Amino acid sequence: MSGGNEKWLDAYHDPVASLYTFTQCLTLSDIQADGDWKLIVADLGTGSYDMKLKVYKNTTLMSEHTIIDLPTGVVTFYMDTLEPRTPAIAVASGPYIYVYKNLRPYFKFTLPPLDIHPMEEDLWNQAKDDQVNVFSMRDMLESLRQEGCSLTVRTLRLLQLEPNNIEAFVNVHKNTPLKKQTVITCLTTMKKSVADEDAISCLVLGTESKSIYILDPEAFTVLATMDLPSVPVFISVNGLFDVDYRIVVSCRNGCVYTLKRGSKDVTKHMIELNSQPVGMERINKNIYVACMDETLHCFTSKGKKLWTVRMPASIMTLEVIDYKPRSFAGILVSLSNQEVHIYKEKFLVDVLKMDDVVTGMRFGRFGREDGTLVMSTKRGGLYVKILKRTAKFEERDMSAGPPAAQNVKLNVPRKTKLFVDQTQRERENGVSMHRTFQRDLALLRLKVMREYVKALDNSMNPISSDPMEPIKLSAHVQGIGPTFKFTVKLQNTSLTQACSNLLITFDYDDKLYDFRKKLVQVPMLVPGLTYDFETFVDCLNDKGVTENVKVYVLKPGKSVPIITGVVSMPVSESIVVV
């Protein structure tokens, strides 16, 4: 826990690398097929301009390409079987995917245009022929927007303008063909027909129009399209396109959907989250989702929740750590308190303390080192850490909570013949057994209520049920006999109301006991204080016979005690005559 230095080597640190990027825009790949893996970064620049695709060889900037729009994802994939096996780089930016081969622009794929609303298209056609007033056109487009219709970017820009700028805007754009484009929100890859590491892969992308597209890597045509109830933001794929595959998608509506080959119902294995997702990863058959409410959830592929871990700060991003030399697979969780937590299942196994908030992470091979963790920070820094070959992650929970032994499966014995017979009997007589249970339960409740009412009527409770006299009574006996000290404690449980004009008396067998004070005057009871009243009791019997003594708190004018206490008297020692 000492900043992670025992397990990690600090290989490189550049606090002024000026990288504005996220986990989805970082990847590691052997793009030159020379065994020297490069770092590929889609840099968002200032957020409005100066976006670039950067390639780092070790810690040196090797290549740089300008990107027109903000990048939303970068992946590497094999698009052919040519030798040497050099992967291509795909960068998602706006409605386009830019493909680079050998660090040179190779192809630009454009998303298919969306259908335009008929009335919107008709209004712009009328404006082109000067057959409609621009202000009435604006009013009709505004009514379409209020009805929830999906409009083009041109129309939305028109609706934002001041009235004196509308006519000039329409005159400039009315002769340009009306197009409706969507943008890419997430990007990943899927092996096409073979699961080899250098096999041909398809591109899988999610769009703002609530759709998933699967692209052919050679012809760049759309192989499959799937619709979602909401906009996808994180996507994870496993399987082969030509055989069988699963696409797990987390969306902006706070739900996670699983799409299968040929499936139509996307809500069958839907997972509903408590808040919006900020990261999603998949390890084997488990789905890990980080949410805005500072929680990390784990689900099975069928949607069953396995566990939830609450974080000490807001989660920034997730990344999978898969270190094959040690057969270690876990989840890296970046937090807003400048820490990176490493979890194996739900157990915290390591913590990395950083100088800045980590916004992007990628674990894998970098250069010629297998276990390398590359991180970009909020202020634009670049960190590279290498996992030591001697590092061991103890699979125990470093945080407070139940012990690890609680998760060990019990050795449940096999079913016996008696168990099977009993199960069969319960199946056959289930209705009658349930009725008998319900009847006995009703009788038990009835008896309890009768005893409770009886106790209220006789004031047998140690706490008064009268709101006008809120008193609590306790009594105890001290001594070994034949003389005992009998102490009664009264407390006014009210917050503001005082109690006065009360008496304490005792109900006992006068042949066994003799109370020296049979009646005790109670002064005014101030709220919150405890008052002690003492008297001595002489035992008149030396045969070892005992009996209960009842303590009554009375008020003149009332026939029923306000409160009653029952004290079990101890056995008295014999009277010794000297």
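The values are calculated or read from the model by the stated rules, or taken from the named source; none is laboratory data. All of these numbers come straight from a predicted model, not from anything done at the bench. Neighbour counts are summed over all protein chains in view; Cβ atoms, including those assigned to glycine, are modelled from backbone coordinates with ideal geometry. Each accessible area value is taken on the protein alone, full model and side chains, heavy atoms only, with ligands, DNA and RNA left out. Shrake-Rupley method; radii C 1.70, N 1.55, O 1.52, S 1.80 Å.
Here are a few things to note about the model shown:
- Residues satisfying the stated conditions in region 230-260, i.e. within 21 Å of the chain's Cα centre (by Cα) and open to solvent by 40 Å² or more (accessible area, probe 1.4 Å): R252, N253
- Sole exception among (1) in contact with a helix residue (DSSP H, G or I) (Cβ under 8 Å, 6 or more places away or on another chain); (2) open to solvent by 40 Å² or more (accessible area, probe 1.4 Å) for G279, by number: (2)
- The one condition from (1) open to solvent by 60 Å² or more (accessible area, probe 1.4 Å); (2) outside any strand (DSSP E or B); (3) closer than 27 Å to V194 by Cα; (4) among the polar types (S, T, N, Q) that S263 does not meet is (1).
- Among residues of region 223-247 being of a type outside the set (S, T, N, Q) and free of Cβ contacts under 8 Å to residues at least 40 places away in the same chain, the one that is nearest to A195 (Cα to Cα) is D244.
- Only one of the numbered conditions (1) under 35 Å from the mean Cα position of the chain (by Cα); (2) open to solvent by less than 20 Å² (accessible area, probe 1.4 Å) is not met by M79, and that is (1).
- E120 in a helix (DSSP H, G or I) and touching a Cys at 6+ places or on another chain (Cβ under 9 Å): yes
- The set of residues from region 71-98 being under 30 Å from T152 (Cα atoms) and free of Cβ contacts under 8 Å to residues at least 24 places away in the same chain is empty.
- Of the residues making up region 563-578, just one is assigned to a loop (DSSP other than H, G, I, E, B), crowded, with 19+ Cβ neighbours inside 10 Å and not hydrophobic (A, V, I, L, M, F, W, C), namely S572.
- Every listed requirement among (1) open to solvent by 60 Å² or more (accessible area, probe 1.4 Å); (2) of a type outside the set (A, V, I, L, M, F, W, C); (3) over 21 Å from M375 (Cβ atoms) is met by T59 save one, (3).
- Here the strands (runs of 3 or more DSSP E) wholly within region 492-553 that include at least 3 residues being open to solvent by less than 40 Å² (accessible area, probe 1.4 Å) and either free of Cβ contacts under 8 Å to residues at least 40 places away in the same chain or in contact with a strand residue (DSSP E or B) (Cβ under 9 Å, 6 or more places away or on another chain) (or both) are 502-507, 530-539.
- Here H269 meets each of (1) open to solvent by less than 70 Å² (accessible area, probe 1.4 Å); (2) modelled with pLDDT of 90 or more; (3) in contact with a Lys or Arg (Cβ under 9 Å, 6 or more places away or on another chain) with one exception, condition (2).
- Leading residue by the ranking (nearest to D542 (Cα to Cα)) among those in region 471-491 that are open to solvent by less than 20 Å² (accessible area, probe 1.4 Å), out of contact with any His (no Cβ under 7 Å at 6 or more places or on another chain) and among the β-branched types (V, I, T): V488
- Evaluation of V560 against the conditions (1) within 21 Å of I480 (Cβ to Cβ); (2) hydrophobic (A, V, I, L, M, F, W, C); (3) not in a strand (DSSP E or B) shows that the sole unmet condition is (1).
- Any hit, region 1-17, residues being surrounded by fewer than 21 Cβ atoms within 10 Å (Cβ to Cβ), in contact (Cβ under 8 Å) with a residue 40 or more places away in the chain, among the aromatic types (F, W, Y) and in contact with a strand residue (DSSP E or B) (Cβ under 7 Å, 6 or more places away or on another chain): yes
- Residues in region 412-448 that are open to solvent by less than 100 Å² (accessible area, probe 1.4 Å) and not in a helix (DSSP H, G or I): T416, N429.
- Of all residues in region 145-172, those satisfying the criterion of being β-branched (V, I, T) and surrounded by 14 or more Cβ atoms within 10 Å (Cβ to Cβ) are T152, T155, I166, V170.
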